[in-house]
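Enquirer: This is the structure I have questions about; it appears just below.
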Amino acid sequence: MVCWLPLKSALREVRLISQEIWSDVLGYVRKNITEVEYHTWFAPVKNLGVQDGSLVLGVRNSFAQEWFRKNYLKLLEDALRSLGAQDPQVSFQVLPAAQDALLLPSDPPPPPSVPAPRAPAPTFTENRKVLNPKYTFENFVVGPNNNLAHAAALAVAESPGKAYNPLFIYGDVGLGKTHLMHAVGHYMLERFPGKRVEYVSTESFTNDLINAIRDDKMTQFRNRYRSVDLLLVDDIQFLAGKERTQEEFFHTFNALYENHKQIILSSDRPPKDIQTLEGRLRSRFEWGLITDIQSPEYETRVAILKMNAEHNRIDIPQEVLELIARQVTSNIRELEGALMRVVAFSSLNNVPFSRAVAAKALSNVFAPQEVKVEMMDVLRQVAAQFNMPPDVIRGSGRVREVVQARQVAQYLIRELTDHSLPEIGQFFGRDHSTVMHAISKVSEQMGKDSELTAAVDLLRRRMKGQDDEDSDA
Ligand SMILES: Nc1ncnc2c1ncn2[C@@H]1O[C@H](COP(=O)(O)OP(=O)(O)OP(=O)(O)O)[C@@H](O)[C@H]1O
């Protein structure tokens, strides 16, 4: 009987981010059913977390439970498979009435043929975006790739309207432009809670303008954008070719600038490379400071992953973070996605984090990487398998179970790594003859003790990054 104590505590932590898994699952489901079905059945489901490798979903009554089992189980399993689950498992729990009442109307859901109500066109107030609470200066890892942009953002946050106006940040997708803009917003609101901060994408600005023209609400539109203390506009390159929006933005810019209000713009390229941008706007964008963000180098990528893991309270070994950082090199959003994928994979397959597991989790998305097994990897896996902390296995304890786990770890390290007997001995604080004895002891027991043989086989496959199905085939 294999028990996973360290894994269980990891899973408890993983539950905190199982929301990420659930949103990915919902994204997959939504693409495969009608909107009506989605809103009827999936929108009210409560994600109860991942328990022992199974995604547990809360539904309102036994009717819904049965309906899900019959109609959506396969779809949910496919969704989990797309996230890397080898043997996807989904279970349903009927929620207690109180939670149920909060989640759903009491009548059975209407049949999926009811047409979806058409949402009214959004007005500009509905388009308003709030700042992402995660995008603060504290959560921003500074490296050689972004230190200038970071310093400029900080200077602007400390002296809005005075240091650099506008601040123009450019760089490729997913490198932290929006994060830095929001960080300035948070900083300003913390120091001056009464200030007005507006974050808007160029697309939303354009839509707001179109709606304002259509609804004859230009005065409100202008009041809204020209009365702020800090205006953050994302993806300003999308102004290209939109003459009416450029015209309106030009006046917004002037009104704010003349009143010493801070403007921060982000773009995927510098102003001079934005085609069909009016000369007067381009020159204004160049009045302040133009700074770029580059792709992060390896150390910064590891630091970002580490911060993310800590933020989500996931205890993940450094060498696994390093493997992910080597795999994803250019885009931080993808880097974070890769971390989530590894966490989802290990939680859905009920296996502890290791480099082999991470390589496997990422192999569908990125080019597979050759993983060299390290002594620490083997020790961790054996510890999880034998349900005891790694330090106990490396310690001096003589209890039978501990001795057996220690011998298995030494046996597997000898088999799966290039380390010599003295090196293995040193790792365990023992001499090479003890390791030799351990190896012959395990070899002797293999074949005789079926439980031990199965455990060693399973560990060997895991360390090589092969799943159970592969080896059974
Ligand atoms: N230096 C950093 N430290 C920590 N997290 C970062 C850093 N840079 C980016 N990120 C994270 O990477 C993700 C993508 O960042 P962001 O959305 O700011 O990118 P972007 O450059 O605005 O991309 P796009 O051009 O697609 O809008 C976010 O989750 C953000 O928190």
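Taken together, the values in this text are just the output of simple stated rules run on the coordinates, not laboratory data. Here the structure is a predicted model, which means the values were calculated and not measured. Ideal geometry is used to build each Cβ from the backbone, glycine not excepted, and the neighbour counts take in all protein chains shown.
Enquirer: Label D418 and I33 with points 7 Å out from Cα along Cα→Cβ: what is the distance between them in nm?
Expert: 5.3
Enquirer: Using a 7 Å offset from the Cα along the Cα-to-Cβ direction at both R69 and R269, what is the distance between the two label points in nm, to one decimal?
Expert: A separation of 5.8 nm, rounded to one decimal place.
Enquirer: Run the numbers for F250 and K441: contour at 0.36 nm per residue of separation, minus the present Cα-Cα distance, in nm. All intermediate terms of the calculation are to be shown ahead of the outcome.
Expert: On the way: separation 191, 0.36 × 191 = 68.76 nm, distance 7.98 nm.
Gain on extension, F250 to K441, equals 60.8 nm.
Enquirer: Given R₀ = 30 Å, what would the calculated FRET efficiency be for V130 paired with W287, taking r from the Cβ atoms and rounding to 0.05?
Expert: Numbers: r = 29 Å, r/R0 = 0.95.
With R0 = 30 Å, the Cβ-Cβ based efficiency is 0.60.
Enquirer: Additional query: Based on Cα coordinates alone, diagonalise the gyration tensor for the chain, multiply each eigenvalue by 5, take square roots, and list the semi-axes in whole Å, largest first.
Expert: Working: eigenvalues 522, 194, 60 Å².
In descending order the semi-axes read 51, 31, 17 Å.
Enquirer: For Cα pairs less than 8 Å apart in space and 6+ apart in sequence, what is the mean separation divided by the residue count of region 375-464, i.e. the relative contact order in percent? Before the final figure, lay out the partial values.
Expert: Details: 79 pairs, mean separation 25.4, N = 90.
Once normalised by length, the contact order is 28 percent.
Enquirer: Expressed as a whole percent, how much of the Cα-Cα distance distribution for region 314-353 exceeds 16 Å? Show your work: numbers first, answer last.
Expert: Working: 243 of 780 pairs.
Pairs farther apart than 16 Å: 31 percent.
Enquirer: Let me ask another. Can you list residues whose amide H is under 5 Å from N47's amide H, if they're 5+ apart or on another chain and H is modeled 1.01 Å from N?
Expert: G58
Enquirer: Identify the trypsin sites (Lys or Arg not before Pro) of region 242-343 meeting these criteria: DSSP loop state and at most 12 other C-beta atoms within 10 Å of the C-beta. Present the calculation step by step, with values, prior to reporting the outcome.
Expert: Details: sites: K242, R244, K261, K272, R280, R282, R284, R301, K306, R313, R326, R333, R341; in loops: K242, K261, R313.
Sparse-neighbourhood loop trypsin sites (Lys or Arg not before Pro): R313.
Enquirer: Shifting gears a bit: Give the separation of the Cα centroids, region 434-452 to region 200-270, in Å.
Expert: 72
Enquirer: If you don't mind, there's one more thing I want to ask. Got a sec? How would D457, D208, D216 order by Cβ neighbour count within 10 Å, fewest to most?
Expert: Details: D457 13, D208 25, D216 8.
In order of increasing Cβ crowding within 10 Å: D216, D457, D208.
Enquirer: Using C-alpha positions alone, give me the convex hull volume of region 49-98 per residue in cubic angstrom.
Expert: Details: hull volume 3.5 nm³, N = 50.
Looking at region 49-98, the number lands at 71 Å³ per residue.
Enquirer: Now a separate question. Please list the radius of gyration and Dmax for region 199-256, considering alpha-carbon atoms only, with Å as the unit.
Expert: 10.5, 28
Enquirer: For the chain, take the longest principal axis of its alpha carbons; what is the angle in degrees between that and the long axis of helix 298-311, to the nearest 10 within 0 to 90?
Expert: 90
Enquirer: Next question, about the same structure. Give me the log10 of I(q) over I(0) for region 137-292 at q = 0.12, 0.16, 0.20, 0.21 Å⁻¹, as the Debye formula computes it from C-alpha points; what are the numbers?
Expert: -0.47, -0.85, -1.33, -1.45
Enquirer: If you don't mind, another one. Explain nothing, just the number: relative contact order of the chain, from Cα pairs under 8 Å at least 6 residues apart, as a whole percent. Spell out each step's value before the answer.
Expert: Numbers: 661 pairs, mean separation 78.5, N = 473.
So the answer I get is 17 percent.
Enquirer: Test of understanding: ordering I33, I236 by Cβ neighbours within 10 Å, fewest first, what list do you get?
Expert: Numbers: I33 16, I236 26.
Least crowded to most crowded, the residues run I33, I236.
Enquirer: Work out how much length S23 to M307 would gain on full extension: take 0.36 nm times their residue separation and subtract the Cα-Cα distance, in nm to one decimal. Walk me through the numbers before you get to the answer.
Expert: Numbers: separation 284, 0.36 × 284 = 102.24 nm, distance 2.15 nm.
Going from the current span to full extension adds 100.1 nm.
Enquirer: Please give the contour-minus-distance gain from N387 to R81: 0.36 nm per residue of separation, less the Cα-Cα distance, rounded to one decimal in nm.
Expert: Numbers: separation 306, 0.36 × 306 = 110.16 nm, distance 2.77 nm.
So the extension gain works out to 107.4 nm.
Enquirer: A further question on this structure: Mind giving me the FRET efficiency for Q294 and S159? R0 is 25 Å, r the Cβ-Cβ distance, nearest 0.05 is fine.
Expert: Values: r = 26 Å, r/R0 = 1.03.
Working from the Cβ atoms, E equals 0.45.
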